[in-house]
Every structure is written in structure tokens, then in C-alpha cells.
Amino acid sequence: MEAFTTHTGRAVPLRRSNVDTDQIIPAHWLKKVTRDGFEDGLFEAWRKDPEFVLNQEAHKGATVLVAGPDFGTGSSREHAVWALQNYGFKAVISSRFADIFRGNSLKNGLLTVVLPQETVDRLQKLVESDPTAEVTVDLVAREVRAEGVTAGFELDENARWRLLEGLDDISLTLREESAIAAYEANRPSFKPRTIEV
Amino acid sequence: MGRTLAEKVWDDHVVRRAEGEPDLLFIDLHLLHEVTSPQAFDGLRKAGRGVRRTDLTIATEDHNTPTLDIDKPIADPVSRTQLETLRKNCAEFGVRLHPLGDVEQGVVHVVGPQLGLTQPGTTVVCGDSHTSTHGAFGALAFGIGTSQVEHVLATQTLPMAPFKTMAITVEGELPEGVTAKDLILAIIAKIGTGGGQGYVIEYRGSAIEKLSMEARMTICNMSIEAGARAGMIAPDRTTFDYLQGRDHAPRDGDWDAAVAYWQTLRTDDDAVFDAEVVIDAATLSPFVTWGTNPGQGAPLSANVPDPASYEDPSERFAAEKALEYMGLTAGQPLREISVDTVFVGSCTNGRIEDLRSAAAILEGRSVAEGVRMLIVPGSVRVSLEAVAEGLDKVFTAAGAEWRHAGCSMCLGMNPDQLAPGERSASTSNRNFEGRQGKGGRTHLVSPQVAAATAVLGHLASPADLSDVDVATPAGV
């Protein structure tokens, strides 16, 4: 995973609540067996509308998505995170994310930042009135900065450390081999098995 | 202080606990399907890793599989590649697979329980949000992303952030004609699609205790639609009776030891939930969705709501958008909404009891002209059971299509899709824009409402059928 420390870029306001993962990446895209090539599927249905915010010239090349509440609800598809990243997004800001989506994003180095709705509103207004306005998402200082906005955000220390260092979860867990083996040795015999080994 | 059911199961799976770090949990059962696993196997291959516990892992094919002509090559080359990739990966890594055509194939969340693999007090994961289904057995069951699928394959563990606990207590009797599906749709409408966020929900109370295992699975299945991490129901005699004798249920001395353990899996009297919701079962009635998220629902007897009635601007805007997408007008009675498609199936309502209840309504009746009704059993086993009971004949005699098992029109990854503008009454779990096909419009309903709707051609409950059909056989 690529490390995330701080990122500054232009932002896109997405004024919709409950943006589900079927909107972020429709199911027919999930037939791919790779982690890349999902950029054209991102918000596919909405992008057919020339007025959709991602289609507006002023927002081309933006790297921060400022979304409405309950972003990423629905399916567990990690493809939603890959689609956002493949398109070029580095961070998503919302007042509330669905749990699985948030977990997936942090495992891929897409920073999901939770801010109060009123701060999200201010950021959306700012980038609507001035699409060239830059937004900084600073994981080191745990702060979002833009013109007239400085807002701290919470992220648990362990998740933050993994992101800052770009650490691979699996290799960290494999360091716990002896604890896993000890647990396995004590599992009751009535626990189900799918095959005899 | 006492512990809740969820806390007990969690505590029994902690491999390692350290200050400031997420607990590392052992995973008892890992279910795989073709959509969310290819990139995980690819990751293992690149890192030179294997599957740590093939004996705790099982795969099936469900999302992409066709429900017609299953003996012919799959027409869509991309779907075919994804299924072939799963077969290749399972062979290479030694994972048990039930492919299309196998007698144990079916929707992953139907297959696990019917094999007896889903057991009380286990941790169950799958790269699919509806893994919450397995919580009906008192298992702690989470949907996970592909990175986590790879993590479990490699280590049989997952680092998991702590959760909060919510009790949803449903007391009393569900009125006649009101099902588990109506109850969970009403719960989601009450607490909202974000209401369960960060929580593991425990469903409890006398109305829950009276439910069958299959009905309990319907409830836990849609916990994710309320935003919850998982849903659970304490195991009891109903659970044990369902499990006993199944292929992978414990036997002999192991059975007794297992039941002794399972009986400890109840929330202690002095345990405290972080949040509590109480629902009176007697107040419920058949419930349907009118909008584009599962929280936008109302009793079938109600009208399409007026977006102006919402105080919260973001909810108002969401309702406006939903009515526009759904082609509905505020104030329109829900019962007057005509549909052209009815889908009975999915991990929510594709089990034998669901098919029986739909068949009981269709027996001696016909699907309305211009309405297409698809019956898709949740698994091959469910299909065989239905055929043995003659349900397939009831469906086809009524004019419905009897299909092969799979996810089918729940998400339209296979050819079973709505055309733009088509409207369905669907027993599945999501009414998102385009979920069942680009431009398709979905109303989530129970199997009973689905069957009555198919007969009348508009959203309806079985009670609406009494005065329109003289051919009703006794007992329906």
C-alpha cells in the first residue's frame, strides 16, 4: 500500500446523501479480475448526465471528493475504492461513511475523513464558488485546511500509523504466528470443518 | 458487569489483544464466491503465500451464474472468465468449491447454513455484505472487502476495530400476513440506513424467539441495510433443531459439547447495550419500499410520501431524487403502483419457506397479464426440495418462470435484469438506482406481497386477493 502523509488538491462537491456502492461502481463492472481499470465505471450512471459535477470542466483533475452523509453504503465491493483511486481521488470527506467502505478505503490508502456536516457544507460551498480552491488533507497533523476552513479530524492511532507508513496488514499479522498457532491448538473439536485435512 | 452475546463471541476469538491496536480475531469460517476473491488470490500468488486453513474455507459460484441453460457455456465472456478464475484459484490453493451444476451450489449465504457450517458462537466472514445473514445462528458474521479476504486466506485472522452494541427488541405477536421481511423493512425505515453504523445489532424479544431459522436469517441478512456491522440472534432450541443432523453439524460427543457451549451464548441479564430500540410487533403490517434506499419504506396501506414533509434538507432532497428516479408522485397510494416484474429469490428470501409461502398464494391463481415473475431458488438444494414438494409445478402453472439457483436479479450481474424504466416487486435486499438493471425501479417486498402483487399486477398483500379470485383453494 502506498503511504499517505498529506495531500493538497482541488475538490469536487458531491451533494447527495446515501451514495451507495452500486452508484460508485455498478455491478457489471465487478466481473473484472484485476484491481485497475475501474475509472470509467466510477459513478457510471450519473456521468451520463453532462451536468453531473464530475463532468464539469472546472472540476476536472480534482483529487478530493467532498461527499454527502452516509457515503459508501451497501455492498462490500472493494471495487468502489479502486474505482475512486483509479479515477484519481486521494481522499474522500464526509460526515459519515458506511463501515465496510471505510475499512476498505483505509486498507488501500484512500483516506476517508470524517468531519461535522457543517464543515462539509462549508467545504462544498467553497469549492462550488471557487473550483480552483485547494483543499489540504494532512494526516500528519490530522487536519483539513482550505481557505477559511481549518478542521481537525479523528482517526484511530493504529489506522493512522499504518497509513503513514504504508504498511501491509498481512505481513504485520504474520508476525503473530505463534499467537495464531496457540489459538488454533486450543480450538474445540466441535468447530466445523469444510474438508478433512 | 455482564456481557452481550456479541461480546462473548468476540472475546472467544481474540488471538491477540494489545493496547492501542485492534484485536486480532480468529475466523472460524471463510466463505468465498467469484466476485470478490480473484484479486485476493492474485495477492497471495504475488507474495508467495498459501491459504492457511483450507479446512475452514469454502467457495461457491452465485453472483454471475445464469439461471437458464446452465449446461451451456456462459454467454458473457467476462462472467465466464470470472467463474473460470475462481475454479483455477480453488484448484491451485486446495479450496473446496461448489461450481455451477454441483448439487451444493447456490447463493453463498444459503449454502453455509444448509450445510450446517454456520454454527452458534462462530466467526464467519465473506467478501459480501450480506454475510450478516449467518448471525441468525448466534454467529458473529461480517461482510469484508477483498483486502480482508486476502488477509483471512493468508492468516485465518482479521484485525477488527471495536464495535458498539445495539439491542432491537421486538415484543408481541406479528399480525397475520406480516413476515420477517416486513419487520426488518420497518426496522430500517425506523432507524435509517445509517442507524446501525458502528453497531452489532442483537435482535431479541418474544416476536424474534418465535421466528423460524429461515425467518431469522431474513432479519439478520438486512442488518447491513441499516448500516450495522452485523446482526445476531441468540441461539436456542430452534437453532439447535435446525442444525442437528446437517452435513457439518457436530456429531455424538461433539454435539453435546457444542450444545453446552451454545447455551452459554446469551446476553447476560446485567449486560448493557450502547443503544436500545423497542418495537411492538402488533403495530406492524406489510411493508414495502417506495424509494431508492432501503430506509425509504412505508406500510403498503400508505401513500408515497411528500418530500416537502421531511424537515431534514438532505432527506428531502434524497426523497425528491428518489421519486424522480422511481417515476412516482407524492400522495399516490402504494397499492396503486403497477409492476411489470416480480422477483422471488436472493439471500434474503430465497429459502424453502419463502418459496412455500409464495406458492401457497399462487396456487390456483395466475400471474397477471403483462407481468413477468421469476422464481429463483437460493440454492440447488432448495430447488430440489421445492421440486419434491411440487412447488415448481404451482409456479409454472400460475405462469411464473422457474429458474436455476443463484443471486440472479437481486443485482443483475447475470442476464436476469430489469430493462430501463421497468418496475419490480422484489424479495431481495436493495432498491438502489440501477441495482436490478440500468434504469430499473425496485420495490422491496416480502415473498407474500410479491406473490399477491404478481396476481394483481400492482403492489398488494394476500389480503387483497380475497374478493378478486374465486378459485382460491382452501387454506390459502
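Per-structure values
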{"read-out": "Test: residue in segment B:177-187 that is surrounded by fewer than 24 Cβ atoms within 10 Å (Cβ to Cβ), at the interface with another protein chain (Cβ under 8 Å from one of its Cβ atoms) and either touching a strand residue (DSSP E or B) at 6+ places or on another chain (Cβ under 9 Å) or assigned to a helix (DSSP H, G or I) (or both)", "value": "no"}
{"read-out": "Residue that is most open to solvent (accessible area, probe 1.4 Å) [pool: residues in segment B:153-176 that are of a type in the set (D, E, K, R) and under 25 Å from B:Met213 (Cβ atoms)]", "value": "B:Glu176"}
{"read-out": "Test: B:Val124 is hydrophobic (A, V, I, L, M, F, W, C), touching a Cys at 6+ places or on another chain (Cβ under 8 Å) and either more than 8 Å from chain A (Cβ to nearest Cβ) or assigned to a helix (DSSP H, G or I) (or both)", "value": "no"}
{"read-out": "Criterion: closer than 18 Å to B:Glu21 by Cα and among the aliphatic types (A, V, I, L, M) - qualifying residue of A:Ile180, A:Ile100, A:Ile195", "value": "A:Ile180"}
{"read-out": "Search result, residues across segment B:7-36 that are part of a loop (DSSP other than H, G, I, E, B), of a type outside the set (D, E, K, R) and either closer than 26 Å to A:Asn158 by Cβ or touching a strand residue (DSSP E or B) at 6+ places or on another chain (Cβ under 7 Å) (or both)", "value": "B:His13, B:Ala18, B:Gly20, B:Pro22, B:Ile27, B:His33, B:Thr36"}
{"read-out": "Criterion violated by B:Ser223 - all others in (1) more than 14 Å from every other protein chain (Cβ to nearest Cβ); (2) part of a helix (DSSP H, G or I); (3) not acidic (Asp, Glu) satisfied", "value": "(1)"}
{"read-out": "Test: residue in segment B:368-377 that is open to solvent by 10 Å² or more (accessible area, probe 1.4 Å), over 26 Å from A:Ser76 (Cα atoms) and among the small types (Gly, Ala, Ser)", "value": "yes"}
{"read-out": "Qualifying residue in segment B:433-446 (condition: away from chain A (no Cβ under 14 Å), within 28 Å of B:Lys72 (Cβ to Cβ) and either in contact (Cβ under 8 Å) with a residue 40 or more places away in the chain or small (Gly, Ala, Ser) (or both))", "value": "no"}
{"read-out": "Checking B:Arg52 against (1) charged (D, E, K, R); (2) open to solvent by 30 Å² or more (accessible area, probe 1.4 Å); (3) at pLDDT 95 or above; (4) in a helix (DSSP H, G or I), the condition it does not meet", "value": "(4)"}
{"read-out": "Residues that are within 17 Å of the chain's Cα centre (by Cα) and on the phi > 0 side of the Ramachandran plot, drawn from segment B:304-357", "value": "B:Gly345, B:Ser346"}
{"read-out": "Selected residue (criterion: surrounded by the fewest Cβ atoms within 10 Å (Cβ to Cβ)) from residues of segment A:107-116 that are farther than 12 Å from A:Ala11 by Cβ and in contact with a strand residue (DSSP E or B) (Cβ under 9 Å, 6 or more places away or on another chain)", "value": "A:Pro116"}
{"read-out": "Every pair of residues 6+ apart whose Cβ atoms lie under 8 Å, when the first sits in segment A:76-101 and is within 18 Å of B:Gly227 (Cα to Cα) and open to solvent by 10 Å² or more (accessible area, probe 1.4 Å) while the second is in a loop (DSSP other than H, G, I, E, B) and among the basic types (Lys, Arg)", "value": "A:Asp99/B:Arg229"}
{"read-out": "Residues satisfying the stated conditions in segment B:154-187, i.e. among the acidic types (Asp, Glu) and under 19 Å from the mean Cα position of the chain (by Cα)", "value": "B:Asp182"}
{"read-out": "Evaluation of A:Val140 against (1) under 28 Å from B:Pro159 (Cβ atoms); (2) away from chain B (no Cβ under 13 Å); (3) open to solvent by less than 80 Å² (accessible area, probe 1.4 Å); (4) modelled with pLDDT of 95 or more (one fails), failing number", "value": "(3)"}
{"read-out": "Of residues in segment B:188-204 being more than 14 Å from every other protein chain (Cβ to nearest Cβ) and either open to solvent by 20 Å² or more (accessible area, probe 1.4 Å) or more than 17 Å from the chain's Cα centre (by Cα) (or both), the one farthest from B:Ala139 (Cα to Cα)", "value": "B:Lys190"}
{"read-out": "Options B:Ala405, B:Ala460: the member that is more than 20 Å from B:Leu328 (Cβ to Cβ), open to solvent by less than 40 Å² (accessible area, probe 1.4 Å), more than 14 Å from chain A (Cβ to nearest Cβ) and of a type in the set (A, V, I, L, M, F, W, C)", "value": "B:Ala405"}
{"read-out": "Any pair with Cβ under 7 angstrom, 6 or more apart, that starts in segment B:193-213 at a residue that is touching a residue at least 12 places away in the same chain (Cβ under 8 Å) and of a type in the set (Ser, Thr, Tyr) and ends at one that is surrounded by fewer than 20 Cβ atoms within 10 Å (Cβ to Cβ) and not in a loop (DSSP other than H, G, I, E, B)", "value": "B:Tyr199/B:Lys164; B:Tyr199/B:Ala275; B:Ser206/B:Glu171; B:Ser212/B:Thr238; B:Ser212/B:Glu353"}
{"read-out": "Number of the condition not met by A:Glu165 [criteria: (1) open to solvent by 70 Å² or more (accessible area, probe 1.4 Å); (2) in contact with a strand residue (DSSP E or B) (Cβ under 6 Å, 6 or more places away or on another chain)]", "value": "(2)"}
{"read-out": "A:Arg35, sole failed condition from (1) without any contact (Cβ under 8 Å) to a residue 40 or more places away in the chain; (2) open to solvent by 40 Å² or more (accessible area, probe 1.4 Å); (3) over 12 Å from the mean Cα position of the chain (by Cα)", "value": "(1)"}
{"read-out": "Top-ranked residue in segment B:135-152 [being more than 9 Å from chain A (Cβ to nearest Cβ) and not aromatic (Phe, Trp, Tyr); ranked as surrounded by the most Cβ atoms within 10 Å (Cβ to Cβ)]", "value": "B:Ala136"}
{"read-out": "Count of segment B:76-110 residues which are within 11 Å of chain A (Cβ to nearest Cβ), in contact with a strand residue (DSSP E or B) (Cβ under 9 Å, 6 or more places away or on another chain), outside any loop (DSSP other than H, G, I, E, B) and buried (at least 17 other Cβ atoms within 10 Å of the Cβ)", "value": "4"}
{"read-out": "Segments classed as strands (runs of 3 or more DSSP E), wholly inside segment B:244-348, with at least 2 members that are open to solvent by 50 Å² or more (accessible area, probe 1.4 Å)", "value": "B:275-280"}
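A quick yes/no check of all residues on (1) over 30 Å from B:Thr122 (Cβ atoms); (2) open to solvent by less than 40 Å² (accessible area, probe 1.4 Å); (3) in contact with a strand residue (DSSP E or B) (Cβ under 6 Å, 6 or more places away or on another chain); (4) away from chain B (no Cβ under 14 Å):
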{"site": "A:Thr132", "(1), (2), (3), (4)": "yes, no, no, yes"}
{"site": "A:Ala146", "(1), (2), (3), (4)": "yes, yes, yes, yes"}
{"site": "A:Asp169", "(1), (2), (3), (4)": "no, yes, no, no"}
{"site": "A:Arg187", "(1), (2), (3), (4)": "no, yes, no, no"}
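Quick grid of which residues meet (1) in contact with a helix residue (DSSP H, G or I) (Cβ under 7 Å, 6 or more places away or on another chain); (2) within 12 Å of chain B (Cβ to nearest Cβ); (3) assigned to a loop (DSSP other than H, G, I, E, B); (4) modelled with pLDDT under 95:
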residue	(1), (2), (3), (4)
A:Asp121	no, yes, no, no
A:Thr136	no, no, no, no
A:Glu154	no, no, yes, no
A:Leu164	no, no, no, no
A:Ala179	no, yes, no, no
A:Lys191	no, yes, yes, no
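The values are calculated or read from the model by the stated rules, or taken from the named source; none is laboratory data. Source: prediction; values computed, not measured. Note that we place each Cβ from the backbone using ideal geometry, even for glycine, and neighbour counts take in every protein chain shown. Just the protein is used for accessible areas: all its heavy atoms, side chains included, with ligands, DNA and RNA removed. Shrake-Rupley method; radii C 1.70, N 1.55, O 1.52, S 1.80 Å.
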